[in-house]
Amino acid sequence: MANPTTTTTQMPDQALRVAPSILSADFGRLSHAVGLVAPGTDWLHLDVMDGHFVPNLSIGPPVVSSLREHTDLFFDTHLMITDPARYLEPFRDAGSDGCTVHVEVGETEALVGQMRELGLRVGLAANPDTPFEALAPYLGIVDLVLCMTVFPGFGGQSFIAEVMPKVRQVRDAANAAGLSLDVEVDGGLDEHTVVEAARSGANVFVAGSAVFGRADPLEAARGILRAAVGAVAGNPS
Ligand code: DX5
Ligand code: ZN
């Protein structure tokens, strides 16, 4: 797929960042894993799965609360769950800084309102086959849009490049409306695939296996960020 081109400029506060996903870390030594990557990032991506919205189970508020004791990183909490309304407050109380709900679960406006009331940073996610049009009505009321680049549920899957036009649509729509929106991509990101994602207008890059599956997770995270910075240098979105 050709890289989209644009003449618009990335908003200045849309910093490029890597958000390591602990889904690929050693769950028996989570605080150790977080300590490894902490010098290279300010965000940590926490994948929450309920065995219903996705066919897998992962972590809940008790793990978030335990991790909170060990780090000041921004907790970017990705809720792959059918009933987020029930769990937003427990995650906030456990130490989540931002929560991202999926647009596919519905009740989006109510969930956004609930997150605002709780003081959470607000994210809205879309699966690879969910079109831009499902996200468009909410761009002005959220802080982050997450375009999944795999079907959620498991780490270690291959990046779906066909999602890139949607990433470009989100970034262009945000820029046209003067919105400081974080555009996050999640799934199959590494130092190679991040190039196309960054050029498509994404600025937050979730990476699990390409960080915690490597011998040196800190260097891996830094390498992904370097590749993203290089990709947009002279070619801002
Ligand atoms: C997938 C999760 C991702 C996952 C990414 O359902 O939302 O955050 O951890 O893992 P990698 O980077 O291995 O594709
Ligand atoms: Zn995720």
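The values are calculated or read from the model by the stated rules, or taken from the named source; none is laboratory data. Remember, predicted model here, so these are calculated numbers, not experimental data. Methodologically, a virtual Cβ is constructed for each residue, glycine included, from the backbone with ideal geometry; neighbour enumeration extends over all protein chains shown. These area figures cover heavy atoms from the full protein model, side chains too; ligands, DNA and RNA do not enter into them. Shrake-Rupley method; radii C 1.70, N 1.55, O 1.52, S 1.80 Å.
One table, with the values for the structure above:
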quantity	calculated
Per residue solvent-accessible surface (Å²) - the chain, probe of 1.4 Å	41 Å²
Residue list for the range 74-104, given a label point 7 angstrom along the Cα-to-Cβ vector of A110 and an amide N cut-off under 12 Å	83-86
Most fluctuating residue given options G208, G153, G51, as computed from a GNM of the chain linking Cα atoms under 10 Å	G51
Inter-centroid distance (Cα atoms) of the range 194-215 relative to the range 47-126, Å	21 Å
Fraction of accessible area attributable to carbon and sulfur, the chain (%, probe 1.4 Å)	51 percent
Rg and Dmax of the range 41-145, Cα atoms only, in Å	13.1, 40
Taking the range 6-233 and dividing mean pair separation by its residue count, relative contact order in percent (alpha carbons under 8 Å, at least six apart)	22 percent
Trypsin sites (Lys or Arg not before Pro) within the range 138-176, DSSP loop, no more than 12 other Cβ atoms inside 10 Å	none
Rounded to whole Hz, the Karplus (6.51, -1.76, 1.60) HN-Hα couplings of the range 98-108, x for glycine and proline	x, 10, 10, 9, 8, 5, 5, 7, x, 6, 4
Helix-derived mean residue ellipticity, 222 nm - over the chain, DSSP H n ≥ 4, -39500 (n - 2.57), to 500	-9000 deg cm²/dmol
Cα-based convex hull, the range 93-215, per residue volume (Å³, whole number)	113 Å³
Residue-count net charge about L57 - beta-carbon cut-off 13 Å; Lys, Arg +1, Asp, Glu -1	-2
H192/T82 FRET efficiency (R0 45 Å; Cβ-Cβ; nearest 0.05)	0.85
Per-bin percent of Cα-Cα distances, the range 6-233 [5 Å]	1, 7, 16, 20, 22, 18, 11, 4, 0, 0
Positive minus negative residues near V112 (Lys, Arg vs Asp, Glu; Cβ under 12 Å)	-2
